[in-house]
Amino acid sequence: MTIDWSWIADHTDDLTSLTLSHLQAALTAVFLGLLISLPLAVIAHRVRPLRGFLLGASNVLFTIPSIAIFVLLLPVSGLTRTTTVIGLTVYSLVVLLRNTVEGLDSVPVRVKEAAKAMGARPLRTLLTVEFPLALPVIMAGVRIATVMSISLVSVATYIGDGGLGQLFTDGFQRNFPTPVIVGVVLTLLLAVVADALLVALQYVLTPWKRRRA
Amino acid sequence: MYELFKNLGAWLVSGSQWSGPDGIAHRLAEHLQYSLLATLIAAAIGLPLGLLIGHTGKGAFLAINLASFGRALPTVGLVVLVFLAGGLSMLPVYVALVALAVPAIVTNTYAGMTAVDPDVKDAARGQGMRGHQVLFQVELPLALPLILTGLRLALIQVVATATIAAYVSFGGLGRYVFDGLAQRDLVQVLGGAVLVAVVAVVLDVALSCLQRFLFLPHARTNSHGDTPTRTA
């Protein structure tokens, strides 16, 4: 299996636009997942009876293979970017919900009671005490959700989207390995870079962790 | 929309759809066969590796990074690549299925082993147990709940990947999805997707129940496995 380097040189414009489209789908999904999962996690953390239901229901969604989710959305949103983003959001949501609940659970009760004793209301305690302390576990979820979404976008190639995934179907149809190899390498690169940026972001967001180290 | 659901219902229950070499019964059997065999092979590779890393504490770096790598690897690309390299046979696709199942098994086995209380291991050694005795009589039983979680996650991952493998002329339930997409037959596409989703959810729920039944006294452990992810 040899790589046709001239094909890569001739297609840099296409590769750039596919990479950007790939990244856009993945990041939109993680952002929407975060937007939906944060309030759900607070509910799951504070309202015990709903906790099992929320985590259980999201686990069932997580079990469904991605190609099935994309396909089952076809009657609703058709062969569009919307289908891709909804499908990916479902998976991000599950990872983020799980980690955010775990993060909120890990905040020591003493700290929350200290905040209460100092006169902080529940919302203020949540925003200024619980979320910051839960941040490392939440960020671990964001990293996993991001890497997972970047990897999963290519499945959407079967419904006519898929960013870099289009290189896989293209290479398969023409029995030509170069685009497939390029697609795999670029996907891995995107994942590594995105993960490194998130590690850097976490470093900036949690200054107290640095001082102790 | 109503018409579509009616046709889908008819497709799923019609007798002719369930029989024959392209029937649901045969495709379901194929799908389960691929998934179980690939998971067994992955377990044969991943379990010893995870136990060894957890027992010796060496190679933890590998166990952790293997998980990230497995998470980032695009399934579709891998399946197409092994197909183009290996030609039209079952073997390359099994390679891809196994490769994507191994990380979940290694990382959860490793997580289970590291969650074993060091005091318990010390006590076992203090009683004169040898290394292999500590591993098989103390660490392995205590790590078993998380090890089984890893196997369950790997199986679910393989069920999803096997669906995608249908794209490169593999059998199984994914056939309906890809044949349907090629023929612009939405009912067949949706039928395949429903079947795959049901298989995955039923397997997951059944194995979770089995796990809970086996480990009833330990059901509330504090140890968490690796956060599950999907690549297919």
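The values are calculated or read from the model by the stated rules, or taken from the named source; none is laboratory data. In this text the structure is predicted, and so the values were computed from the model without any measurement. Every residue, glycine among them, receives a Cβ derived from its backbone with ideal geometry; neighbour counts consider all protein chains shown.
A few notes on this one:
- Members of region A:95-126 found to be of a type in the set (A, V, I, L, M), free of Cβ contacts under 8 Å to residues at least 40 places away in the same chain and in contact with a helix residue (DSSP H, G or I) (Cβ under 9 Å, 6 or more places away or on another chain), listed by number: A:107, A:111, A:114, A:115, A:120
- Restricting the first member to region B:58-69 and to residues that are within 20 Å of residue A:148 (Cα to Cα), and the second to residues that are among the β-branched types (Val, Ile, Thr) and surrounded by 15 or more Cβ atoms within 10 Å (Cβ to Cβ), the beta-carbon pairs closer than 7 Å and six or more apart or on different chains are B:62/B:53; B:63/B:53; B:63/B:106; B:63/B:107; B:66/B:106; B:66/B:107; B:67/B:107; B:68/A:147.
- Evaluation of residue A:129 against (1) without any contact (Cβ under 8 Å) to a residue 24 or more places away in the chain; (2) surrounded by fewer than 17 Cβ atoms within 10 Å (Cβ to Cβ) (one fails), failing number: (2)
- Hey, residue B:195 within 14 Å of chain A (Cβ to nearest Cβ), closer than 29 Å to residue B:20 by Cα, crowded, with 20+ Cβ neighbours inside 10 Å and without any contact (Cβ under 8 Å) to a residue 12 or more places away in the chain or not: no
- Condition met for residue A:169 (within 11 Å of chain B (Cβ to nearest Cβ), under 22 Å from residue B:157 (Cα atoms) and surrounded by fewer than 24 Cβ atoms within 10 Å (Cβ to Cβ)): yes
- Within region A:184-213, being closer than 15 Å to residue A:165 by Cβ, of a type outside the set (S, T, N, Q) and in contact (Cβ under 8 Å) with a residue 40 or more places away in the chain holds for A:186, A:190, A:191.
- Residue in region B:144-161 that is of a type in the set (A, V, I, L, M) and without any contact (Cβ under 8 Å) to a residue 24 or more places away in the chain present: no
- Annotation: of all residues in region A:172-204 being outside any helix (DSSP H, G or I) and closer than 17 Å to residue A:11 by Cβ, the one that is farthest from the other protein chains (Cβ to nearest Cβ) is A:174.
- Any chance residue B:88 is surrounded by fewer than 16 Cβ atoms within 10 Å (Cβ to Cβ), out of contact with any Gly (no Cβ under 9 Å at 6 or more places or on another chain) and touching a residue at least 40 places away in the same chain (Cβ under 8 Å): yes
- Region A:143-164, residues that are under 18 Å from residue B:165 (Cβ atoms) and out of contact with any Gly (no Cβ under 7 Å at 6 or more places or on another chain): A:151, A:152, A:158, A:159, A:162
- In region B:179-192, the residue that is nearest to the other protein chains (Cβ to nearest Cβ) out of those that are out of contact with any Pro (no Cβ under 9 Å at 6 or more places or on another chain) and crowded, with 22+ Cβ neighbours inside 10 Å is B:189.
- Screening region A:48-157 for helices (runs of 4 or more DSSP H) wholly inside it with 1 or more residues that are within 30 Å of residue B:186 (Cβ to Cβ) and away from every other protein chain (no Cβ under 14 Å) returns the ranges A:81-105.
- Residue within region A:9-23 that is at pLDDT below 95 and of a type in the set (Gly, Ala, Ser) present: yes
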